[in-house]
Amino acid sequence: MSDDEAREEKELDLTSPDVVTKYKSAAEIVNKALQLVVSECKPKAKIVDLCEKGDAFIRDDMGCHIDGFIAVVAHTHVIQEGPVTGRAADVIAAANTAAEVALRLVRPGKKNKDVTEAIQKVAAAYDCKIVEGVLSHQLKQFVIDGNKVIISVTNPETRVDEVEFEENEVYAIDIVTSTGEGKPRLLDEKQTTIYKRAVDKNYHLKMKSSRFIFSEISQKFPIMPFSARALEEKRARLGLVECVNHDLLQPYPVLHEKPGDLVAHIKFTLLLMPNGSDRITSHPLQQLQPTKTIDDNPEIKAWLALGTKTKKKGGGKKKKGKKGDGRDDSAANQHRIPPQLHSLTSVLSFGVLLLNFCTDDFDPETISHACCILLIAK
């Protein structure tokens, strides 16, 4: 790497105060939008018209970027008065506790396998399962699915390279739990509405509608995920099919658990700063009264007791992040991960819309109506 390239790389990580400010500004937008969305998730509101009756889980998943520096968040909310109880409380508590453990284990010197093993133990303590097929990715400028990943559940078909976390890295920590088997299935490809352009693929499209849509995608969404609703409607569906069939677009499929199983989702953006871990996106949970407890699990309690801030000895200089992985966040080093796992999140149940925008002037109320809402009838 040349001196100029090294300087450019340094400027694009957390050693630059401007970069930190952009991550935190994006996080502020996302947190405000999420707050507005959750406040509107109430009976008789338009946002819950999809629910035919009774209570519902709302899983909000959204993200934004400022100059390519991305902040994402996901939250699960139950539409009801009073505390959440029973298995609904169990599955949300499992996701939240697993997220808190991940917050403490994703730190310099620890490895991705440590997190994978820990979150599965947490879910088991609540008699739940970590959902397979979910990846927590390292984030970089304009890179939402970096090479360093934490896989939710390991098996022979979906293994990832063992990596060690380093100072000045950024991660999207993605936790999905289920009261069922945690093995969601694709039931209908037509339910997929979220896509991302595969920048390393090329193909000469045959259909005029496909070329029209792909040109629109290349102009409006060259790097980030997008919703098909943002495209010209009459030509979108037909044109998307050919693009997907020839790997020009990576679909984010809608996956289903078995009827009656409950799913909870928590995701946050984590900055590995020199003074410790900084969780910059979140939303308060409702009061939970789970049927299970971790009070008698010393291992989980020990993880939760870990601090998130680092005390530097003797006022030494800040450790610079290593550049060993370079700027190689492409498909070249992801050959062992199935394509369906390269999504920002494995989308579960009825539907999802990812908010993606880049702006210095935003209207949170408008944003709140565009973000991702997932309704799961109890």
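The values are calculated or read from the model by the stated rules, or taken from the named source; none is laboratory data. Treat the numbers as computed from the prediction; the structure is a model and nothing was measured. All Cβ positions, glycine included, derive from the backbone under ideal geometry; neighbour counts span all protein chains shown. Ligands, DNA and RNA are stripped out before the accessible areas are found, and what is left, the full protein with its side chains, is counted by its heavy atoms. Shrake-Rupley method; radii C 1.70, N 1.55, O 1.52, S 1.80 Å.
Name the residue, out of Ala56, Ala74, that is modelled with pLDDT under 95, under 18 Å from the mean Cα position of the chain (by Cα) and within 22 Å of Val254 (Cα to Cα).
Answer to the selection: Ala74.
Taken over the range 164-175, the residue count meeting the criterion of being of a type outside the set (D, E, K, R) and surrounded by fewer than 17 Cβ atoms within 10 Å (Cβ to Cβ) is 0.
Listed by position, the strands (runs of 3 or more DSSP E) enclosed by the range 143-211 that each have at least 1 residues that are over 22 Å from Asp247 (Cα atoms) and not small (Gly, Ala, Ser) are 149-151, 170-178. Condition (residue is more than 24 Å from the chain's Cα centre (by Cα) and aromatic (Phe, Trp, Tyr)) applied to the range 198-209: is it met by at least one residue? Looking for residues that are more than 24 Å from the chain's Cα centre (by Cα) and aromatic (Phe, Trp, Tyr), one finds at least one in the range 198-209, hence yes. For the range 34-43, the criterion of being open to solvent by 10 Å² or more (accessible area, probe 1.4 Å), among the charged types (D, E, K, R) and at pLDDT below 90 is met by at least one residue.
Close contacts from the range 129-153, counting a first residue that is farther than 21 Å from Ser16 by Cα and a second that is of a type in the set (Lys, Arg) and open to solvent by 10 Å² or more (accessible area, probe 1.4 Å), with Cβ to Cβ under 6 Å and a gap of 6+ residues or different chains, come to Glu132/Lys183. Here Ile280 meets each of (1) at pLDDT below 90; (2) among the β-branched types (Val, Ile, Thr); (3) closer than 30 Å to Val84 by Cβ with one exception, condition (1). When the residues of the range 73-112 are filtered to those that are part of a strand (DSSP E or B) and hydrophobic (A, V, I, L, M, F, W, C), the one that is nearest to Cys41 (Cα to Cα) is Val78. Residue-level analysis places Gln289 outside the set of residues that are at pLDDT below 50, under 30 Å from His77 (Cα atoms) and open to solvent by 80 Å² or more (accessible area, probe 1.4 Å).
Of the residues screened, Gly307 is not one that is modelled with pLDDT under 95, over 24 Å from the mean Cα position of the chain (by Cα) and open to solvent by less than 50 Å² (accessible area, probe 1.4 Å). Within the range 66-81, residues that are under 17 Å from Gly146 (Cβ atoms) and touching a residue at least 12 places away in the same chain (Cβ under 8 Å) sit with their Cβ atoms under 6 Å from residues that are in a strand (DSSP E or B) and hydrophobic (A, V, I, L, M, F, W, C), at 6+ positions apart or across chains, in these pairs: Ile70/Leu139; Val72/Ala172. Scanning the range 124-162 for residues that are open to solvent by less than 30 Å² (accessible area, probe 1.4 Å) and among the β-branched types (Val, Ile, Thr) yields Ile130, Val131, Val134, Val143, Ile144, Val149, Ile150, Ile151, Val153, Thr158.
Inspection of the range 124-141 finds a residue satisfying the criterion of being in contact with a helix residue (DSSP H, G or I) (Cβ under 9 Å, 6 or more places away or on another chain), in a helix (DSSP H, G or I) and either within 22 Å of Lys292 (Cα to Cα) or aromatic (Phe, Trp, Tyr) (or both).
Look at (1) of a type outside the set (A, V, I, L, M, F, W, C); (2) out of contact with any Ser or Thr (no Cβ under 7 Å at 6 or more places or on another chain); (3) open to solvent by less than 10 Å² (accessible area, probe 1.4 Å); (4) modelled with pLDDT of 95 or more and you find that Gly182 fails only one, number (4).
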